[in-house]
Amino acid sequence: MPSSRVAEPGILDRKRVVFSGRNLTKIYRNGELEVRALNGADLDLYVGEMLVLLGPSGSGKSTLLNILGGLDRPTSGTVFFKDRDLTRLDENALTAYRREHVGFVFQFYNLIPSLTARENVGLVTEIASNPMKPEEALALVGLGERLNHFPSQLSGGEQQRVAIARAIAKRPEVLLCDEPTGALDSKTGVLVLEALVAVNQELGTSTAVITHNQAIKDIAHRVAYFTDGKITHVEENSRRLDPADISW
């Protein structure tokens, strides 16, 4: 049974779009070899939504996420962040866009070993215009008692939650997560998913989570299914599950 901690999704407000991508293609070339990572993908992400992007490795999920986050550019197609066409921004504008609006969480934590959890999060708050306190961000992901621990003193799941706290400490409008539980066992992965759900619910952060794990789709408002560089279909969950209730 779904936990009471996860609200029913209701009707998504489809007028409030954060991202709108249309006919996105991405072609990588190495000499005469051509790899088509995206092949006409369309996607919308709504304000306050938890969206899961589901598909096998190599289906184009990470490529799409990198384009949404301003880390890469499409070969063709358009992608808007609200009313801004990201494909028309120069490198300086893309850097400012990433810094001001987007938080990233990757499969590997990329924490600085010589810094504590508080200090790792503090690196982001020093350059943000309206940051949380590191203590506040760490408390939100359940690490309020681990502020002064170094990465080597934290489990893999705790390190990933520090990475989430670091990503959200600048109060981004969007959180983009690429296989955030991919290196974790199921028990630890649940804790990481609970942190992502808490961020989505308590801060209203629009969140996209890439995964190849079918079970994770049940925590989302909507699920976008990837195959061969395209989104084949999108489903809306009528009932969402708490991460602790999903079956891995």
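Here, each number is a calculation from the coordinates, and none is a lab measurement. Small disclaimer: the values here were computed from a predicted structure and weren't measured. Reconstructed Cβ throughout: ideal geometry from the backbone, glycine too, with neighbour counts over all protein chains shown.
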Under the Karplus curve 6.51 cos²θ - 1.76 cosθ + 1.60, θ = phi - 60°, whole-Hz ³J(HN,Hα) for the stretch 42-48, x wherever Gly or Pro sits:
10, 7, 10, 10, 9, 4, x
Amide H proximity to TYR46 below 5 Å, modelled H, separation 5+ or other chain, gives VAL18
Taking the DSSP beta bridges in the chain as the whole, what percent of them are antiparallel, to the nearest 5?
55 percent
Students often forget the sequence filter, so: which lysines lie under 18 Å Cα-Cα from LYS187 once same-chain residues fewer than 8 apart are removed?
LYS217
Give the residue from LEU138, PHE226, ILE216 lying farthest towards the positive end of the charge dipole for the chain; charges sit on Cβ (+1 for Lys and Arg, -1 for Asp and Glu) and the dipole is referred to the Cα centre.
PHE226
Test of the criteria: in the stretch 61-131, which GluC sites (Glu not before Pro) are in a DSSP loop and have at most 13 other Cβ atoms within 10 angstrom of their Cβ?
GLU126
Computed on Cα atoms, the radius of gyration and Dmax of the chain in angstrom are 17.6, 55
Please report Rg (one decimal) and Dmax (integer) in Å for the Cα set of the stretch 55-167.
16.2, 47
